[in-house]
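Notes for the one structure printed next.
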Amino acid sequence: MAGRRKGRILAFQALYAWDVSKIPLEDLLDFSWLGDEKRDRLGDEGITFPRLIIAGTIEHIAEIDDLIKQHLTNWDFDRLNRVDVAILRMSVYSLLFQTDMHPSIIIDEAIDISKEFGSDDSFRFINAVLDNIRKKSKENSPR
């Protein structure tokens, strides 16, 4: 499970970088921004999972952002903390498309990452948005 956690952190970091500096997708997916030593330690297997999340999230970014916007109450998407947005985006991607993972695991990982990288109350906000999305998607499809 630690490997998946590291993979989610890498995916979050890449999606954050993509959002704030528009780094091209191919540069994100080759993980050159990690540095050679870290990338070599991860190996091919270690970057497969985050690569899937990054590419899938960006491929479905309009759908993911629309879904996040639908579940914001008294918040303007464009004014959200970009760290929170990156965590929400990758987590919504996982909820929608990685159906082999239980939604509670995805949400728990997002909360843990937001506690580590987000502001003091990020985890509450992220939990609320993801839980609402999970409930809505559960109504629309059996899981």
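Just so you know, all these numbers are worked out from the coordinates, no wet-lab data involved. Because the structure is a prediction, the values reported are computed rather than measured. All Cβ positions, even for glycine, are placed from backbone atoms using ideal geometry, and neighbour counts span all protein chains on display.
Observations, loosely collected:
- In terms of other Cβ atoms within 10 Å, V20, V85 run from fewest to most in the order V20, V85.
- Cross-link partners of K38 among lysines, defined as those whose alpha carbon lies under 27 angstrom from its own and excluding same-chain residues fewer than eight positions apart: K6, K22, K115.
- At an R0 of 22 angstrom, the distance between the Cβ atoms of D30 and Q98 translates into a FRET efficiency of 0.50.
- Taken over the stretch 21-96, the ratio of Cα radius of gyration to 2.2 N^0.38 Å equals 1.25.
- Volume per residue for the chain equals 107 cubic angstrom (convex hull of Cα atoms).
- 9 Å beta-carbon shell around G46, net charge (K/R +1, D/E -1): +1
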